[in-house]
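J.: Let me give you the structure first, and then I'll get to my questions.
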Amino acid sequence: MASVLVSDVRKAFGATQVIHGVDISIEDGEFVVLVGPSGCGKSTLLRMIAGLENITGGEIRIGDRVVNHVPPKERDIAMVFQNYALYPHMTVSANMGFSLRLRNAPKADIDTRVKRAAEILGLVPYLDRFPRQLSGGQRQRVAMGRAIVRDPQVFLFDEPLSNLDAKLRVAMRTEIKELHQRLKTTTVYVTHDQIEAMTMADKIVVMHDGIVEQIGAPLDLYDRPANLFVAGFIGSPSMNFLKGTIRANGSASFEGPHGVKLPLTGTPDAWNGRPAIYGVRPEHFVIADDGAEAEVQVVEPTGSETQVVAKIGGEDIIAVFRERHQFRPGDKVRLRPEIKLVHLFDGEAGQRLSA
Amino acid sequence: MADIALKTGTARAAPPDVSAWQRLRANKNWLGLWFMLPTAAFLILFLAYPLGLGVWLSFTDSRLGRGGVFVGLENYIFLWDDSVFWLSVFNTILYTTVASVIKFAIGLYLALLLNEHLPFKAIIRAVVLIPFIVPTVLSAIAFWWLFDPQFSVISWSLRKMGFITENINFLGDPWNARWSVIFANIWRGVPFVAITLLAGLQTVSPSLYEAATLDGASTWQRFRHITYPLLTPIIAVVMTFSVLFTFTDFQLIWVMTRGGPVNATHLMATFSYQRAIMSGYLGEGAAIATAMIPFLLGAILVSWFGLQRRKWQQGGDND
């Protein structure tokens with residue numbers, strides 16, 4: 001096991017720069033998730049850690065060693081690919097033992113290690129099958145088995161669950177997390193699914209257009225997003241944003257679109273008149289007589305909660321309630337954001353304002 | 001639930017008032033038979049009939065312009081004692097084995113090379129195909145000139161460079177002639193092997209190579225454990241075709257040497273043509289051609305069983 005240090009790493013394909021100086025420090029044994037929309041550079045970064053892509057600038061360290069020019073096979077890492085990349089002509093056990101066979105490990109040793117990995121992953125009955133004869137979830141497990149067998153310093157996962165159906169994805173998510181708790185191997189996991197990131201990570205790295213937007217523990221990112229991008233990316237349904245102006249002379253408030261007045265607290269008077277963006281998570285609205293007037297557009301009951309799309313000051317917002325409200329489209333309700341859970345962002349740069 | 005089961009059950013039982021003819025008309029396989037007929041007629045007329053006729057002729061004493069009578073195995077018994085026939089068998093086997101092995105080696109090498117990121121890749125791929133595109137007769141004539149005893153550019157170049165003092169007798173000496181026609185056949189056959197194997201290489205997912213790289217495989221090990229095994233089904237097909245084409249080769253030899261010198265380059269195909277058409281002994285020529293069938297069947301069976309053994313390609317389809 002080892003730590004991974006990514007410092008000021010850049011990557012350009014020809015003249016196109018896709019990663020613009022990324023710094024990430026991954027502790028020994030940590031489960032770090034790189035998350036972001038497609039094209040943000042997260043997979044490229046992972047492949048640079050693996051050594052499958054060259055590094056244009058900066059430095060990557062695995063343990064104490066700078067690995068910029070170390071070939072992949074000497075980096076002591078194992079990677080699970082999105083399409084699993086199982087060798088179709090080898091049985092499950094041959095797939096898992098392949099790396100050991102290449103290193104001329106004694107046969108008995110290979111057998112015990114493959115057997116142990118198969119036991120961990122519940123693959124013992126399938127050891128003599130070929131990949132084609134396995135279901136998607138089983139293939140996924142074989143891909144992980146191939147990584148485990150090697151007992152590497154770092155596991156790299158490249159969107160490993162995106163080829164699975166929704167139900168299996170949830171199950172495998174838990175399995176991967178359990179596996180990490182058991183093996184405690186440093187793990188870097190790439191996904192575009194923020195739920196996967198939130199549920200699995202010790203630390204999330206949110207990437208966007210080749211830069212790191214924020215690094216932090218899942219709940220920190222949820223509670224204190226550093227900017228509009230992170231605020232909008234983490235959490236489902238996404239945070240509501242209302243553009244407007246801060247009013248702070250004596251008592252603070254926020255003037256939203258069409259003069260809608262929204263509550264604010266702890267805002268210094270110096271910010272009076274400052275253009276800003278008011279962010280409220282859907283789950284942080286309450287129905288209260290002193291709330292802003294909202295017109296219900298669509299009601300979507302999911303059973304455990306009710307999602308309501310409504311218009312405040314002409315803007316669509318989503319509110320989520322645990323209670324089962326019997327709203328109808330066109331109903332007028334009064335929605336009040338929970339004042340302590342409101343996020344304020346700069347109107348231009350989009351950076352978080354409140355301390 | 002029980003209701004539904006009952007309903008489908010009654011629907012399945014054929015209503016008694018439908019005649020056998022109407023049932024036949026509704027049968028998908030009956031319709032399929034009709035769709036198959038044009039193809040079947042075509043194949044019977046142009047493949048099965050000539051093949052059958054050829055085999056039949058080999059049991060007769062037919063000559064050009066004279067229908068023969070059934071003579072049993074007489075033609076074959078005669079050939080059994082014919083040293084030229086056995087020479088043509090030897091030549092054919094030598095020609096096929098040497099040319100196929102070298103075509104495979106060069107073809108695979110070229111395919112691997114073309115699968116890399118080369119500059120001007122598209123142009124190089126097109127250039128590789130040229131020998132395959134040129135009509136066989138034309139390239140044979142070109143080789144005939146290249147191997148000409150007097151005007152050969154190869155002899156000329158070697159002489160100018162001082163390696164030899166006299167022109168090489170390419171097509172006049174038995175062994176020189178054998179190697180020369182084999183060389184021409186290789187030149188013509190390599191593109192087919194190379195391009196087909198290249199197509200096969202491109203179906204191998206790059207992530208397999210990445211996975212193998214991370215697993216610690218060197219370039220050679222990636223070829224040995226990933227590329228080669230994944231390519232075997234295509235190798236089996238392409239080499240079967242290559243062997244069949246080489247074994248039955250006719251044009252190249254006929255244009256360059258006509259089987260000479262002293263029958264040294266006669267293949268079974270050219271020898272059959274010579275006996276049947278040039279000399280007019282149709283029955284004997286047909287027997288020579290028929291004698292090729294066991295060899296060809298053997299080649300097909302080898303690849304058939306080679307393909308059958310690959311269990312990893314079959315199995316349940318869960319994708």
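J.: Could you tell me which numbered condition A:Gln82 fails, if it satisfies all but one of (1) of a type outside the set (Gly, Ala, Ser); (2) surrounded by fewer than 16 Cβ atoms within 10 Å (Cβ to Cβ); (3) in contact (Cβ under 8 Å) with a residue 24 or more places away in the chain; (4) part of a loop (DSSP other than H, G, I, E, B)?
T.: For A:Gln82, the failing item is (2).
J.: Okay, next question. Looking at the stretch A:92-120, which of the residues that are more than 22 Å from A:Met172 (Cα to Cα) and polar (S, T, N, Q) is surrounded by the most Cβ atoms within 10 Å (Cβ to Cβ)?
T.: Once the filter is applied, the top-ranked residue is A:Ser99.
J.: Please count how many residues of the stretch A:51-79 are at the interface with chain B (Cβ under 8 Å from one of its Cβ atoms) and in a strand (DSSP E or B).
T.: So the answer is 3.
J.: Can you pull out every residue in the stretch B:157-178 that is without any contact (Cβ under 8 Å) to a residue 24 or more places away in the chain, among the hydrophobic types (A, V, I, L, M, F, W, C), in a helix (DSSP H, G or I) and loosely packed, with under 14 Cβ neighbours inside 10 Å?
T.: Scanning the stretch B:157-178 gives a single hit, B:Met161.
J.: Considering only residues that are closer than 16 Å to B:Ile182 by Cα and open to solvent by less than 50 Å² (accessible area, probe 1.4 Å), which ones fall in the stretch B:130-141?
T.: The answer is B:Pro131, B:Thr136, B:Ser139, B:Ala140.
J.: Test of understanding: among B:Ala211, B:Ala194, which residue is in a helix (DSSP H, G or I), among the aliphatic types (A, V, I, L, M) and within 14 Å of chain A (Cβ to nearest Cβ)?
T.: B:Ala211
J.: Looking at the stretch B:180-201, is at least one residue modelled with pLDDT of 90 or more, within 19 Å of B:Tyr109 (Cβ to Cβ), of a type in the set (Val, Ile, Thr) and open to solvent by 40 Å² or more (accessible area, probe 1.4 Å)?
T.: Yes, the stretch B:180-201 has at least one match.
J.: Limited to the stretch A:313-330, what total is found for residues that are out of contact with any helix residue (DSSP H, G or I) (no Cβ under 7 Å at 6 or more places or on another chain), surrounded by 14 or more Cβ atoms within 10 Å (Cβ to Cβ) and modelled with pLDDT under 90?
T.: 2
J.: Give the residues of the stretch A:33-44 that are touching a helix residue (DSSP H, G or I) at 6+ places or on another chain (Cβ under 9 Å) and open to solvent by less than 10 Å² (accessible area, probe 1.4 Å), sorted by residue number.
T.: Residues satisfying the conditions are A:Val33, A:Leu34, A:Val35, A:Gly36.
J.: Quick one: is A:Gln153 within 13 Å of chain B (Cβ to nearest Cβ), open to solvent by 20 Å² or more (accessible area, probe 1.4 Å), in contact with a Ser or Thr (Cβ under 8 Å, 6 or more places away or on another chain) and of a type outside the set (D, E, K, R)?
T.: yes
J.: Need a quick list: helices (runs of 4 or more DSSP H) entirely within the stretch B:218-271 having at least 3 residues that are open to solvent by 10 Å² or more (accessible area, probe 1.4 Å) and either within 14 Å of another protein chain (Cβ to nearest Cβ) or aliphatic (A, V, I, L, M) (or both).
T.: Fully inside the stretch B:218-271 and qualifying: B:219-222, B:228-247.
J.: Still on this model: From the list A:Thr56, A:Thr16, A:Thr44, pick out the single residue that is in contact (Cβ under 8 Å) with a residue 24 or more places away in the chain, more than 24 Å from A:Phe233 (Cα to Cα) and among the polar types (S, T, N, Q).
T.: Step by step, each of A:Thr56, A:Thr16, A:Thr44 is checked, and only A:Thr56 is in contact (Cβ under 8 Å) with a residue 24 or more places away in the chain, more than 24 Å from A:Phe233 (Cα to Cα) and among the polar types (S, T, N, Q).
J.: Within the stretch A:283-312, count every residue that is surrounded by 13 or more Cβ atoms within 10 Å (Cβ to Cβ), among the polar types (S, T, N, Q) and closer than 24 Å to A:Asp223 by Cα.
T.: The number of residues fulfilling the criteria is 2.
J.: Still on this structure, I have one more. Confirm whether A:Asp23 is farther than 29 Å from A:Asp165 by Cβ and away from chain B (no Cβ under 14 Å).
T.: Here the answer is yes, as A:Asp23 does meet what is asked.
J.: Scanning the stretch B:52-71 for residues that are open to solvent by 100 Å² or more (accessible area, probe 1.4 Å) and within 20 Å of B:Ile277 (Cβ to Cβ), which turns out modelled with the lowest pLDDT?
T.: Applying the filter and picking the extreme gives B:Arg66.
Residues checked against (1) open to solvent by less than 10 Å² (accessible area, probe 1.4 Å); (2) touching a Cys at 6+ places or on another chain (Cβ under 7 Å); (3) at pLDDT 90 or above; (4) within 22 Å of A:Phe321 (Cα to Cα):
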{"site": "A:Ser238", "(1), (2), (3), (4)": "no, no, yes, yes"}
{"site": "A:Leu242", "(1), (2), (3), (4)": "yes, no, yes, yes"}
{"site": "A:Arg247", "(1), (2), (3), (4)": "no, no, no, no"}
{"site": "A:Ala252", "(1), (2), (3), (4)": "no, no, no, no"}
{"site": "A:Pro263", "(1), (2), (3), (4)": "no, no, no, yes"}
{"site": "A:Gly273", "(1), (2), (3), (4)": "no, no, no, no"}
{"site": "A:Ala276", "(1), (2), (3), (4)": "yes, no, yes, no"}
{"site": "A:Arg281", "(1), (2), (3), (4)": "yes, no, yes, yes"}
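This table checks each residue for (1) open to solvent by less than 20 Å² (accessible area, probe 1.4 Å); (2) touching a strand residue (DSSP E or B) at 6+ places or on another chain (Cβ under 8 Å); (3) of a type in the set (Lys, Arg).
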{"residue": "A:Phe31", "(1), (2), (3)": "yes, yes, no"}
{"residue": "A:Leu46", "(1), (2), (3)": "yes, yes, no"}
{"residue": "A:Ala50", "(1), (2), (3)": "yes, yes, no"}
{"residue": "A:Gly57", "(1), (2), (3)": "yes, yes, no"}
{"residue": "A:Arg65", "(1), (2), (3)": "no, no, yes"}
{"residue": "A:Lys73", "(1), (2), (3)": "no, no, yes"}
{"residue": "A:Pro88", "(1), (2), (3)": "no, no, no"}
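J.: OK, next. So A:Ala310 ticks every box in (1) within 24 Å of A:Val230 (Cα to Cα); (2) part of a strand (DSSP E or B); (3) out of contact with any Leu (no Cβ under 8 Å at 6 or more places or on another chain) but one. Which box is left unticked?
T.: So A:Ala310 meets the others, but not (3).
J.: Go through the stretch B:272-303 and report how many residues are open to solvent by less than 50 Å² (accessible area, probe 1.4 Å) and touching a helix residue (DSSP H, G or I) at 6+ places or on another chain (Cβ under 9 Å).
T.: Counting residues in the stretch B:272-303 that are open to solvent by less than 50 Å² (accessible area, probe 1.4 Å) and touching a helix residue (DSSP H, G or I) at 6+ places or on another chain (Cβ under 9 Å) gives 17.
J.: Just name the residue that is surrounded by the most Cβ atoms within 10 Å (Cβ to Cβ) out of those in the stretch A:331-355 that are of a type in the set (Val, Ile, Thr) and not in a strand (DSSP E or B).
T.: A:Val342
J.: Suppose we filter the stretch B:110-138 for residues that are in contact (Cβ under 8 Å) with a residue 60 or more places away in the chain and part of a helix (DSSP H, G or I); how many remain?
T.: 12
J.: Could I ask something else about it? Restricting attention to the stretch B:142-156, and to residues there that are open to solvent by less than 50 Å² (accessible area, probe 1.4 Å) and outside any helix (DSSP H, G or I), which single residue is farthest from B:Arg258 (Cα to Cα)?
T.: Looking at residues that are open to solvent by less than 50 Å² (accessible area, probe 1.4 Å) and outside any helix (DSSP H, G or I), I get B:Ser152.
J.: Collect the residues in the stretch A:90-146 that are in a helix (DSSP H, G or I), of a type in the set (Gly, Ala, Ser), within 9 Å of another protein chain (Cβ to nearest Cβ) and more than 14 Å from B:Ala211 (Cα to Cα), keeping them in residue-number order.
T.: Selection gives A:Gly136 alone.
The values are calculated or read from the model by the stated rules, or taken from the named source; none is laboratory data. Note that the structure is a prediction, hence the values are computed from the model and not measured. As a convention, Cβ positions derive from the backbone with ideal geometry for all residues, glycine included, and neighbour counts pool all protein chains shown. To get the accessible areas, we keep the full protein, side chains included, count just its heavy atoms, and leave off ligands, DNA and RNA. Shrake-Rupley method; radii C 1.70, N 1.55, O 1.52, S 1.80 Å.
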